[in-house]
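So the structure is just underneath, and the comments pick up after that.
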Amino acid sequence: MTQKKNDKKDKDDASNGVKTGAEPAEQKERAPVNGADSAEQGEAEQKPVAEKKQEGGVVTISEAEFQQISKKAAERDEFLAMSQRIKADYSNYQKRMQKERESWTECAKEPVLSDILNVLDNFDRAVKCVVPTDTIECLLNGVQLTQKQFHAILDKHGVKPMETAGQKFDPSKHEAIMLVDSDTDGMVVEEVRRGYTVNNRVLRPAQVKVSRKAQNITKNEK
């Protein structure tokens, strides 16, 4: 009888022991769940802070990051300035080359224009020498028309006749072929052959007669 009671007690204790031992296991299983809840709660608490910083437009960076950003900004400004200088230099180079090309073109056509002037001289002389009459009036009109066409073509290419009468002798524009006694000294008295310029440069100097005073002649002879 006593043995049966003891066996029953042992069974009850064993049953109670199983229940008691199961409780810690259940608590251990619940612990991670509570930890996950804590992590989610922590993230939930930190999230509003990050959102507030983003909404406010305020970003906090370290000193090293600030120095790095400043360095990059300085490099950007340097490259931008360099790019602008290169662009300006290239633009000036293009303008200079365009100007040189135009100058080369003008210089290349000067010999041709100079030869045309010699032909034009003959037309000018022919027109001056011809006395209009009924028999040659038609021929004279044709020569004058050709003369005008020559002048128009030269004018189109920038060739202009010089004005020399009554001007002071300029060796850069005039070629003195004779000295004439006069009350004045160093003045153009007569134009023998007309001079021309092309784009404000002397294409052919004018052949002129230049005045000189009589007293200068006497001193030179003595």
Scan region 208-217 and give yes if some residue there is touching a His at 6+ places or on another chain (Cβ under 6 Å) and of a type in the set (A, V, I, L, M, F, W, C), otherwise no. yes
Name the residue, out of I116, I69, I177, that is assigned to a helix (DSSP H, G or I), surrounded by 10 or more Cβ atoms within 10 Å (Cβ to Cβ) and in contact (Cβ under 8 Å) with a residue 24 or more places away in the chain. I116
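A short reminder: the numbers here are calculations on the coordinates, not readings from a lab. These numbers were taken from a predicted model, which means no experiment stands behind them. As a convention, Cβ positions derive from the backbone with ideal geometry for all residues, glycine included, and neighbour counts pool all protein chains shown.
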